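Each value in this text was obtained by applying a stated rule to the coordinates, not by laboratory testing. Only a predicted model underlies this, so the values are computations on that prediction, with no experimental measurement involved. Positions of Cβ are generated from backbone atoms using ideal geometry, with glycine treated the same way; all protein chains shown enter the neighbour counts.
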Amino acid sequence: MLIERNKIKALVDKIHSKGKTVVCTNGCFDILHVGHVRYLQKTKTFADYSIVLLNSDKSVKSIKGPTRPINCEDDRAEILSALACVDYVVMFDEDSPRNLLDEIKPDVYTKGADYTMETLPEADIMRKNGTRVEFITFVEGKSTTNTIEKMRK
């Protein structure tokens, strides 16, 4: 379910007040593939509720360039929301979810295993808020960039 950014903190506070846990991850999730699905399924195993912090179209363009995203933010949010392993989706416009993560203070944060605590841009926020970080291994050869390159051939 897509939640407005200004309502996500209250939702997380309500979840926490019931003694439940929240895991967050973030990304563009532009062309959903099996790597994304497995990553999101694994993310869900770390808490009672999973929240995907989704880069808005503005954010994706800033990070990936003017030809991205392929799918618009509303479509990406709807597709993610349809997955059983995703409870909530919230969009953000910045290049990084740092501010949003600092605001909602999830119990667990997942990131791809290409990061470590030393290279994770949000590491200081995670430490400050006592958020556990779990690094998830990617599915070899599965990425939106690889999919786009295959389509171009």
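How many nm separate the modelled label positions at Ile70 and Val139, each set 7 Å beyond the Cα in the direction of the Cβ?
Spacing of the two 7 Å Cα→Cβ label points: 1.4 nm.
For the stretch 14-90, which trypsin sites (Lys or Arg not before Pro) pass both filters: DSSP loop (anything but H, G, I, E, B) and at most 12 other C-beta atoms within 10 Å?
When the trypsin sites (Lys or Arg not before Pro) of the stretch 14-90 are filtered for loop state and at most 12 Cβ neighbours within 10 Å, Lys18 remain.
Name the GluC sites (Glu not before Pro) in the stretch 46-153 that are in a loop by DSSP and that have at most 12 other C-beta atoms within 10 Å, would you?
Those that pass, being in a loop and sparsely packed, are Glu118, Glu140.
Using a/c under 1.5 as the rounded threshold, could you call the stretch 46-121 rounded, prolate or oblate? The axes a ≥ b ≥ c are square roots of the C-alpha gyration tensor eigenvalues, and prolate needs a/b larger than b/c, oblate otherwise.
Oblate shape, in that a/c is at least 1.5 and b/c is the bigger or equal ratio.
Taking the Cα centre of each part, how many Å lie between the stretch 66-113 and the stretch 5-63?
If we compute the Cα centre of each part, the gap is 5 Å.
Could you check the spin-label model distance between Asp114 and Glu4? Points 7 Å from the Cα along Cα→Cβ, value in nm.
Using points 7 Å along Cα→Cβ, the separation is 3.5 nm.
Using Cβ counts within 10 Å as a stand-in for footprinting exposure, how do Phe46, Phe135 rank, fewest first?
Phe135, Phe46
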